[in-house]
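Written below as structure tokens is the structure these notes are about.
The values are calculated or read from the model by the stated rules, or taken from the named source; none is laboratory data. Computed from a prediction, not measured in an experiment: that's the story for all the values here. Here the Cβ positions follow ideal geometry from the backbone for every residue, glycine too, while neighbour counts run over all protein chains shown. Surface accessibility is based on the protein's heavy atoms, side chains included, excluding ligands, DNA and RNA. Shrake-Rupley method; radii C 1.70, N 1.55, O 1.52, S 1.80 Å.
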Amino acid sequence: MILIWLIVILLAGGLLAWASGRISHAWPRWISLGAVALDLVLSAWLWIQSYSGHLHGATGRWMTQVDLSWIPQFGIRFHLAMDGLSLLMLVLTFFLGIASVVCSWTEITDRVGFFHFNLMWILAGVVGVFLAMDLFLFYFFWELMLIPMYFLISIWGHENRIYAAVKFFLFTQASGLLMLLSILGLYFVHYHQTGVLTFEYSKLLGTALTPLTGMLLMLGFFIAFAVKLPMFPFHPWLPDAHTEAPTAGSVILAGLLLKTGAYGLIRFVLPLFPDAAHRFAPIAMLLAVIGILYGAILAFAQTDLKRLVAYTSVSHLGFVLLGIFAFNQIAQQGAVMEMICHGLSTGGLFILVGALQERLHTRDLRKMGGLWKALPRMGGVGMVLAMASLGLPGLGNFIGEFLVLIGSYQASVTLTVFATIGLVAASIYSLWIVQKSFHGSGMEDTRVRDFRVRDMAVMGAMIAALVWLGLYPQPVLKTAAPALEAAMNPVALADAKVPGAAKRQEAAALMERVSTGTAKRNDGGEL
């Protein structure tokens, strides 16, 4: 039942924050902070228990689950389940949830209660997406995320907030309807074969599909997840949504909502449609590389600091897509690591940009410069986050991108070479952010407030997490390995029919030994 409580705490916290907003602006902030902090403690406890092997109630591949009848006449169940991949995403969700509450502490002064209500319900929808194992329930939570995010952008956003909010809603809603059609298609195909009505994930896994049917249904899921990721060419909603959203909205968008797209690809597209996904993999990898280079080039061309950081997401999440469709566990381990570290580094950059805009009333890089003297703490934080974004060794982003490139090299040497160019481009735009904002001349005599203790606590925690993941990624790799192996099992049969299968299987075995700490060097020493 702990999984239900993770959602209920956020829903109740949102309602309580909204109600208390009529009494005081401080109460909604503290209620939201308490609700997300409680969920973070619970998820951290689950991680510690699972990592040590002492988690009670674990059944099969799931660490814990709750499965209740909901609408039995249509085969709909309230089925929540958690494995290593879900657990990692939950910890990231609650961590960034706390950061979102803190960064909006002084920024949001109008309708504070309703703001925190929407924030909590977005997080509840995200948690539901990461836990739902009934496809109808998954779609329910998928849609639950959209409405409060629309309000967050349209009410508390910046100048063109209505345009950005409508654009975000149309893109995500239209793609979501495609996924709903695919869910229903799979539902009726399974019913035709078995005579059983069910949306249950585990039962739909074995559904036999013709090549054409499998490809069409897979594309419905893929486009919905690609829009949310976002993948080139389905990304046009992202820069506007990020630019116009309040700081907390940008953090949630970059750190969590984009990750639901990547999570959906791993959880649903690969296992449910292994043959179609394998045939589509070269196109997906090509689009991923285009996105890596396209996002990097457009990021460097921006003068709006927030829009620049938004385009970096298109580039970095191209590595995630590349890793997922490389069809080996090394690359997918890297994709999961990149999902987590991108959420931390880019979420931190959006907090930094929001703080600069709150103080300077501009995001125009041409009007900045020389801020390090006036804002040394912000400058130091910006430098570390920029180094993480460009993939500096010793920080978590490097581990994710390095593993993706190692894995994708086994699938396509040519695409991997072009993807590597994206790392060079990332160095350019990351250093460009720091140089144009904090060095040179322009605003060195500006008298504004630097980061306070509350802000430094959040940013320090993000930086500490990035350093920890860069130096010791073992807990994440070990936690994610069983879930990725389960996602790859349906793909293994198709993979065995193509050239290079032996190398991919050998690489997967090596990754498993690395994640468990049992791999050996040629000289007999441990890796």
> Picking from 221, 232, 188, 171, which residue would you name as being over 25 Å from residue 312 (Cβ atoms), of a type in the set (Phe, Trp, Tyr) and open to solvent by 10 Å² or more (accessible area, probe 1.4 Å)?
Replying inline: 188
> Can residue 340 be described as open to solvent by 10 Å² or more (accessible area, probe 1.4 Å), among the aliphatic types (A, V, I, L, M), part of a helix (DSSP H, G or I) and farther than 16 Å from residue 416 by Cβ?
Replying inline: yes
> Which condition does residue 394 not pass, out of (1) in contact with a Lys or Arg (Cβ under 9 Å, 6 or more places away or on another chain); (2) of a type in the set (Gly, Ala, Ser); (3) not in a helix (DSSP H, G or I), if it passes all the others?
Replying inline: (1)
> How many residues, within the stretch 283-320, are closer than 16 Å to residue 414 by Cα and open to solvent by less than 20 Å² (accessible area, probe 1.4 Å)?
Replying inline: 8
> For the stretch 78-101, which residues satisfy the criterion of being part of a strand (DSSP E or B) and crowded, with 22+ Cβ neighbours inside 10 Å?
Replying inline: 79, 80, 82
> Is one or more of the residues making up the stretch 252-259 open to solvent by 10 Å² or more (accessible area, probe 1.4 Å), more than 19 Å from residue 403 (Cβ to Cβ) and modelled with pLDDT under 95?
Replying inline: no
> Given the conditions (1) modelled with pLDDT under 90; (2) part of a helix (DSSP H, G or I), and given that residue 163 satisfies all but one, which numbered condition is not satisfied?
Replying inline: (1)
> Residues 325, 350: which one is under 15 Å from the mean Cα position of the chain (by Cα), open to solvent by less than 10 Å² (accessible area, probe 1.4 Å) and not hydroxyl-bearing (Ser, Thr, Tyr)?
Replying inline: 350
>> Restricting to the stretch 354-367, name every residue that is surrounded by fewer than 20 Cβ atoms within 10 Å (Cβ to Cβ) and not polar (S, T, N, Q).
In response: 358, 359, 360, 361, 364, 365, 366, 367
>> Residues to consider are 222, 151, 171, 188; find the one that is within 26 Å of residue 18 (Cα to Cα) and either under 22 Å from the mean Cα position of the chain (by Cα) or part of a helix (DSSP H, G or I) (or both).
In response: 151
>> If I go through the stretch 399-421 residue by residue, how many of them are in contact (Cβ under 8 Å) with a residue 60 or more places away in the chain and either aliphatic (A, V, I, L, M) or under 15 Å from residue 346 (Cβ atoms) (or both)?
In response: 11
> Would you pick out the residues in the stretch 304-337 that are closer than 30 Å to residue 485 by Cα and outside any helix (DSSP H, G or I)?
Replying inline: 325, 326, 327, 328
>> On the basis of being in a helix (DSSP H, G or I) and crowded, with 22+ Cβ neighbours inside 10 Å, does residue 136 make the cut?
In response: yes
> How many residues does the stretch 177-227 contain that are under 20 Å from residue 72 (Cα atoms), small (Gly, Ala, Ser) and touching a residue at least 40 places away in the same chain (Cβ under 8 Å)?
Replying inline: 1
>> With under 18 Å from the mean Cα position of the chain (by Cα) and more than 20 Å from residue 223 (Cα to Cα) as the only criterion, which of 303, 247, 260 stands out?
In response: 247
>> For the stretch 322-374, give me the residue count where each residue is out of contact with any strand residue (DSSP E or B) (no Cβ under 6 Å at 6 or more places or on another chain) and over 30 Å from residue 474 (Cβ atoms).
In response: 21
> All but one of (1) in a helix (DSSP H, G or I); (2) open to solvent by less than 40 Å² (accessible area, probe 1.4 Å); (3) more than 17 Å from residue 260 (Cα to Cα) hold for residue 198; which doesn't?
Replying inline: (1)
> Of (1) over 15 Å from residue 331 (Cβ atoms); (2) of a type in the set (A, V, I, L, M, F, W, C); (3) in contact with a Phe, Trp or Tyr (Cβ under 7 Å, 6 or more places away or on another chain), residue 411 satisfies all except one. Which?
Replying inline: (1)
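Conditions (1) over 22 Å from the mean Cα position of the chain (by Cα); (2) surrounded by fewer than 20 Cβ atoms within 10 Å (Cβ to Cβ); (3) part of a loop (DSSP other than H, G, I, E, B), marked per residue:
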{"site": "403", "(1), (2), (3)": "no, no, no"}
{"site": "408", "(1), (2), (3)": "no, no, no"}
{"site": "420", "(1), (2), (3)": "no, yes, no"}
{"site": "424", "(1), (2), (3)": "yes, yes, no"}
{"site": "432", "(1), (2), (3)": "yes, yes, no"}
{"site": "455", "(1), (2), (3)": "yes, no, no"}
{"site": "459", "(1), (2), (3)": "no, no, no"}
{"site": "468", "(1), (2), (3)": "no, yes, no"}
> Which one is nearest to residue 315 (Cα to Cα), of the residues in the stretch 393-431 that are at pLDDT 90 or above and aromatic (Phe, Trp, Tyr)?
Replying inline: 418
